[in-house]
Amino acid sequence: MSRIGKLPIAVPQGVEVKITNHTVMVKGPKGQLSHTLHPLVSVEFDSKARSLHFKVSSKEGSALQGLFRSLVSNAIEGVTKGFSKEMAIVGLGYSAKIQGKDLVLSVGYTKPIQVRMPEGIAVEVQQATNTAKFIIKGADKHLVGQFAAMVRGLRPVEPYKGKGVRYKDEVVRKKAGKAFATAQQA
């Protein structure tokens, strides 16, 4: 039995929930999200208590109950507060800027990289150069995380000088390099 799946989800004021044919649609101030549930999991909306309750009919359904409860809970949080990932670009001459619906990154290649922002994602550049900082925002937690990982993968952090695109709170362990190895032998 799923402990997380048994917990009800509180639906705040201003959020509209529709349940039709194993699809939960959540609409709020920051957008609209929907999730299709597995046939073994069902959901009920209590309009008086403004909460969602998940039910299962079999042992296989209880394995999925916590997953779908978390997905719907994240959708409700996304349409009310939203999700964000803070990113940093470290490197001499590295920069980030917004051009229309593209994020343009200069990260040491011969040409700047243009990345099209998906629908539902917004990028805010806080500092364009000298350890450039930007924030990826959106209502869908999965989409925000996927876009941040894709941007990070364009220039992963290298271990010798620590240059590249990283998450703001990411800790990079630097390697010593050749100079340290030759000093040890002498």
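Filtering segment 124-144 to residues that are over 13 Å from R166 (Cα atoms) and open to solvent by 20 Å² or more (accessible area, probe 1.4 Å) leaves E124, V125, Q126, Q127, A128, T129, N130, K137, D140, K141, H142, L143.
Condition check for L64 on (1) closer than 23 Å to K6 by Cα; (2) touching a residue at least 60 places away in the same chain (Cβ under 8 Å): one failure, at (2). Scanning segment 59-108 for residues that are polar (S, T, N, Q) and under 30 Å from V172 (Cα atoms) yields N74, S84, S95, Q99, S106. Of the strands (runs of 3 or more DSSP E) lying entirely inside segment 1-94, those containing at least 2 residues that are surrounded by 13 or more Cβ atoms within 10 Å (Cβ to Cβ) and of a type in the set (V, I, T) span 16-20, 23-28, 41-46, 83-90. Looking across V107, V172, V151, one residue alone is buried (at least 18 other Cβ atoms within 10 Å of the Cβ) and at pLDDT below 95. It is V107. Taking segment 107-186 and the strands (runs of 3 or more DSSP E) fully enclosed by it, the elements with 1 or more residues that are touching a helix residue (DSSP H, G or I) at 6+ places or on another chain (Cβ under 9 Å) and within 28 Å of V72 (Cα to Cα) are at 121-127, 132-138, 164-167.
Note on segment 78-106: residues that are in contact with a helix residue (DSSP H, G or I) (Cβ under 8 Å, 6 or more places away or on another chain) and not aromatic (F, W, Y) total 6.
Just one of (1) in contact (Cβ under 8 Å) with a residue 12 or more places away in the chain; (2) more than 26 Å from I121 (Cβ to Cβ) fails for P12. It is (2).
The values are calculated or read from the model by the stated rules, or taken from the named source; none is laboratory data. What you are looking at is a predicted structure, and each value in this text was computed from that prediction instead of being measured. Cβ atoms come from the backbone with ideal geometry, glycine included; neighbour counts cover every protein chain shown. The area values use the complete protein model at the heavy-atom level, side chains included, leaving out ligands, DNA and RNA. Shrake-Rupley method; radii C 1.70, N 1.55, O 1.52, S 1.80 Å.
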